1. Counting only residues that are buried (at least 23 other Cβ atoms within 10 Å of the Cβ) and among the hydrophobic types (A, V, I, L, M, F, W, C), how many does segment 88-107 have?
2. Spot the failing condition for Lys212; the list is (1) touching a Lys or Arg at 6+ places or on another chain (Cβ under 9 Å); (2) exposed (fewer than 14 other Cβ atoms within 10 Å of the Cβ), and only one is missed.
3. Between residues in segment 199-219 that are without any contact (Cβ under 8 Å) to a residue 40 or more places away in the chain and residues that are outside any strand (DSSP E or B) and surrounded by fewer than 10 Cβ atoms within 10 Å (Cβ to Cβ), which pairs lie under 6 Å by C-beta distance while being six or more apart or on different chains?
4. Could you tell me which of the residues Leu200, Leu211 is aliphatic (A, V, I, L, M), modelled with pLDDT under 85 and at negative phi?
5. Look through segment 43-63, keep the residues that are polar (S, T, N, Q) and modelled with pLDDT of 90 or more, and return whichever of them is nearest to Ser111 (Cα to Cα).
Amino acid sequence: MVLFLERRLQEILPSIIETPEDLAEKRLGSGDSVCTSIASDQQIVAVGTRRGIVELYDLAESASLIRYVSLSDWGYTVDDLGGVCCIAWTPDDAAFAVGWKLRGLTVWSVSGCRLMLTIHQIGLGSVSSPVVKPSQDCKYEPLMGGTSLMQWDAFGYRLYAIEEGFLERILSFSFGNCCLNRGVSGTTYICQVIYGEDRLLVVQSDDNDELKMLHLNLPVSYISQNWLVQHVAASKDGMYLAVASLHGLILYDMRVKKWQVFGDIT
């Protein structure tokens, strides 16, 4: 695949692609590329292929190959999924969604970690390809007919997708963002916080070193006037959580399990 979007690429990557001559030399893919998507902040381009593989290239390093991602390690072949038909990066360029022509979609991190999959999963040790037969009870699996289009919302909380052959139906998948586990001082927090549009998930260890998850819904009086959550931070000891939305902020006290709302929330 040749990157032919000269004007657009020169706008977002001026230090890498300066002239049409430079652009013509940057050839990506293995000859079977069908789609591409650029993470401008990360300076990474994802190239989808007919083989169902996505190749990641670092545009800051002469378009060198970083890695490729696929579902082959999970027993799925191109006969099961078809080729890649669309790729969509999250607004912060931290992850990207991949849709296949014949079945399903998945979300990967830039580092190659699989974060989400719509397809029925099998064990890693399976020797057979997980081909779905009509008699199997998979009627609730989304995007069984393949993915036609995908789009993230402005904050990366939702991924919208349209199934091939069902253009009148839009599917919505909810996601959470991970709060940094280190504060400004560099101190590591004792808990991990995942936040969505209107709630928090707090993951921490109990006395037996078992992970437990606390589900916290934000007060309706606050979030109804300040949709949606934009920033979350934890105190050094993990006893307080600060949440900021459109206006102001609120605190959650982990010890007494109560929210504290300050002043005029509107």
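1. 5
2. (1)
3. Within 6 Å, the pairs are Lys212/Asp206.
4. From the options Leu200, Leu211, the qualifying one is Leu211.
5. The selected residue is Gln43.
The values are calculated or read from the model by the stated rules, or taken from the named source; none is laboratory data. All values derive from a computational prediction rather than experimental measurement. Because the Cβ atoms are built from the backbone with ideal geometry, glycine has one as well, and the counts that use them run over all protein chains shown.
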